[in-house]
Structure formats: C-alpha cells, structure tokens
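A short write-up of the structure that comes next.
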Amino acid sequence: MSFHTIIIVGNVGREPEMRFTPNGQPVTSFSVASSRSYTNQQGEKVDETIWFRISAFGKLAETCNQYLHKGSKVLVEGRLIPDKNGGPRIWQRQDGSPGASFEVTANTVRFLSARGETEPGAPLDEGLAHDDSAEIPF
C-alpha cells in the first residue's frame, strides 16, 4: 500500500468556484499561493511563489465555498494529482514563459485568517477545519 500527503499553507488566489459532479456531489475549486523569501548565494533576496489548484469534495466543498474568499489564509492537507506523465500541469503563459500548477485533492482545509482579515464576516479558525474522506467520483 502506498500513501502520500502534502501540506500547503498560503493564501487563496481567487474566489472559490463550486460546481457539481454528474451524480450531484459538490466540488469546489480554488487556487492557493504559497510563498517564501530567501537570500541566494550572491546575497540577493529571492521571492518564490508556488501555485496549487485545490479541489474539495462533498461537505468540505460546501464549507470552502461558503467561508473562503480571495486572500484568505489557509492550510490544505491533501494528495497531489499528477498529470498523465506523473508531474504538474505545464502550460505556456501569454508572455511566452512556462508555467506549472500542482493539482491537489483536499482532505482537510483549515481556515487561518482571523475575522476581518479577508471578507467581512470571514470565519475564525476555531472549529472550522473539516475532514472529508469521500472517494472522488471520477
């Protein structure tokens, strides 16, 4: 048996979008940017951002759609979903530079933003983490 988990802490990059599978199960998609800064060997400050495309299913999808907003700070625990070649999804940006996104199916989403840090009425972290172990329907 094999198992892997990825944990991401970052900010929601756009408003979540909820849709439904053909059998009626809710799916909410949103992006998360995880950033870090460091100084390279030449003494220059480097800012690095990695984007993740998150999919949440079932009750977790409904909760994410209701409470997450662009700019919300979140912790996502889930599993990577590779493309057919086993890697991230690769594309070319409008300016011609390469881009990649990592697809993640969420098992847990913790809302880390304090009330007022994003949209009015955004939830506090307390008690809003939600686990959903439902199987993906496709």
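All of the numbers you see were taken from the coordinates with simple rules; none came from a lab. Everything numeric here is computed off the predicted structure, so don't read it as measured data. When we count neighbours, we look across all protein chains shown, and the Cβ atoms used for this are built from the backbone with ideal geometry, even at glycine.
Anything in segment 58-76 that is among the small types (Gly, Ala, Ser) and in contact with an Asp or Glu (Cβ under 7 Å, 6 or more places away or on another chain)? List them, or say none.
Listed by number, the list holds a single entry, GLY58.
Can you name the residue in segment 3-12 that is surrounded by fewer than 17 Cβ atoms within 10 Å (Cβ to Cβ) and either of a type outside the set (A, V, I, L, M, F, W, C) or closer than 11 Å to ILE54 by Cβ (or both) and, of all such residues, is nearest to the chain's Cα centre (by Cα)?
Filtering segment 3-12 for residues that are surrounded by fewer than 17 Cβ atoms within 10 Å (Cβ to Cβ) and either of a type outside the set (A, V, I, L, M, F, W, C) or closer than 11 Å to ILE54 by Cβ (or both), the one nearest to the chain's Cα centre (by Cα) comes out as ILE6.
Give me the residue from segment 61-71 that is in a helix (DSSP H, G or I) and in contact with a Ser or Thr (Cβ under 8 Å, 6 or more places away or on another chain) and, out of that set, surrounded by the most Cβ atoms within 10 Å (Cβ to Cβ).
Looking at residues that are in a helix (DSSP H, G or I) and in contact with a Ser or Thr (Cβ under 8 Å, 6 or more places away or on another chain), I get CYS64.
Could you identify the single residue in LYS45, LYS59 that is more than 14 Å from the chain's Cα centre (by Cα) and closer than 20 Å to GLN25 by Cα?
Only one candidate passes the filter, namely LYS59.
Give all pairs with beta carbons closer than 7 Å in which a residue from segment 85-110 that is over 21 Å from ASN11 (Cα atoms) meets a residue that is among the aliphatic types (A, V, I, L, M) and part of a strand (DSSP E or B); count only pairs at least 6 apart in sequence or on separate chains.
ILE90/ALA100; PRO98/ILE90
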